[in-house]
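Please read through the structure below; I'll follow up with questions.
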Amino acid sequence: MAAFRILLLGGTTESAALAALLAGDARFAATLSLAGRTRTPRPQPLPVRVGGFGGAEALARYLHAERIDALVDATHPFAAVMSHNAAAAAEMAGVALLALRRPAWQPQAADRWICVPDMPAAAAALGAAPRRVLLTVGRQDLAPFVVAPQHYYVVRSVDPPAPDSLPPGAETLLARGPFELEEERGLLRHHRIDVIVSKNSGGSATQAKLAAARELDLEIVMVERPVKPAAPTVGNVEAAFEWLAARHARSSST
Ligand code: NAP
């Protein structure tokens with residue numbers, strides 16, 4: 001019997017974990033799709049295609065041409081454009097869609113979060129007085145902080161940010177998670193950070209900074225997630241794998 005064909009939209013810890021499960025299972029023929037943002041992506045156990053499709057209609061054409069049985073949107077919670085394209089393309093191509101969306105982080109009692117809807121609001125929430133800021137929002141989202149140059153920024157990202165995207169005088173730390181509590185505590189102390197800016201990404205790879213901030217009684221300016229389209233959704237990799245196995249079983253019994 002022909003394998004069940006899957007297109008996995010990735011770029012996350014969860015997509016890599018799901019790729020590893022699918023790669024070891026002869027029922028599935030899956031391809032992992034990456035946007036191509038990271039210069040040196042980790043090796044993957046599945047065939048990988050890299051780069052945008054050219055919008056929702058082009059993705060729908062790809063799904064049709066590649067005879068994809070199921071599209072899994074395992075993109076980052078802040079990759080809203082791709083998720084909207086995935087929902088539209090799945091509808092156009094008549095392909096089953098599953099969204100793998102990790103739950104958002106929730107504040108604990110001792111947390112000092114200032115929740116804001118977007119990056120310009122995060123820059124504004126830092127206030128007028130100069131502060132020492134750990135910016136952990138990724139290198140694509142730095143522009144709003146250029147207009148708040150009174151702060152001293154330590155920018156952490158996987159790849160180097162474009163020099164003209166950095167706030168004046170910013171220091172760059174190149175690092176890729178997962179991060180441990182001890183190293184996050186050490187980083188905050190070493191740079192005498194007094195506020196962190198973070199996306200509410202959820203997941204375990206980067207959550208140690210939340211516990212470190214709690215311990216050191218630091219504020220976190222937390223950027224809320226963008227709205228994603230309605231879709232059948234699971235919250236973890238195992239549930240995504242079960243959903244695909246059930247779909248495969250249904251398709252092979254008809
Ligand atoms: P986005 O704004 O939602 O998407 C912008 C465009 O990038 C899409 O229209 C699509 O181009 C292309 N694209 C995005 N994800 C893709 C994928 N998995 N495969 C092929 N093309 C893709 O996305 P983004 O926020 O820039 O994120 C880009 C990638 O980085 C995603 O894979 C995401 O999972 C990962 N990531 C994002 C963040 C974040 O904070 N945004 C953090 C960690 C990882 P076309 O319209 O041409 O198809």
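Values quoted throughout were computed directly from the atomic coordinates according to the rules given, and no laboratory measurement underlies them. This one's a predicted model, so the numbers in the text were calculated from it and none came from an experiment. Every residue, glycine among them, receives a Cβ derived from its backbone with ideal geometry; neighbour counts consider all protein chains shown.
Where the second residue is in a strand (DSSP E or B) and small (G, A, S) and the first is farther than 11 Å from W105 by Cα and within 16 Å of the ligand (Cβ to nearest atom) and lies in the range 190-218, which pairs have Cβ atoms under 9 Å and are six or more apart or on separate chains?
K209/S198
Kindly indicate whether any position in the range 14-27 is within 8 Å of the ligand (Cβ to nearest atom) and either assigned to a loop (DSSP other than H, G, I, E, B) or farther than 25 Å from E224 by Cα (or both).
Taking the range 14-27 first, the residues within 8 Å of the ligand (Cβ to nearest atom) are 15.
In the following step, the residues that additionally are either assigned to a loop (DSSP other than H, G, I, E, B) or farther than 25 Å from E224 by Cα (or both) were identified as none.
So far as the range 14-27 goes, no, none of its residues is within 8 Å of the ligand (Cβ to nearest atom) and either assigned to a loop (DSSP other than H, G, I, E, B) or farther than 25 Å from E224 by Cα (or both).
Looking at the range 96-123, which of its residues are assigned to a strand (DSSP E or B) and either under 23 Å from S83 (Cα atoms) or within 19 Å of the chain's Cα centre (by Cα) (or both)? Give the derivation first.
Here is the first cut: in the range 96-123, the residues assigned to a strand (DSSP E or B) are 96-100, 112-116.
Listed by number, the residues that qualify are A96, L97, L98, A99, L100, C115, V116.
Go through the range 164-254 and tell me which strands (runs of 3 or more DSSP E), entirely inside it, have 1 or more residues that are under 30 Å from L21 (Cα atoms).
Correct list: 171-174, 195-199.
Still on this structure, I have one more. If you go through the range 90-111 one residue at a time, do you hit one that is within 8 Å of the ligand (Cβ to nearest atom), touching a residue at least 60 places away in the same chain (Cβ under 8 Å) and within 30 Å of L218 (Cα to Cα)?
no
Moving to a separate point now. Mind listing just one residue for me: the one in the range 28-71 that is within 9 Å of the ligand (Cβ to nearest atom), assigned to a strand (DSSP E or B) and hydrophobic (A, V, I, L, M, F, W, C) and, of those, farthest from L8 (Cα to Cα)?
My answer is V50.
Please state which of the following conditions V81 fails to meet, knowing it meets all the rest: (1) part of a loop (DSSP other than H, G, I, E, B); (2) within 13 Å of the ligand (Cβ to nearest atom).
That leaves (1) as the condition not met.
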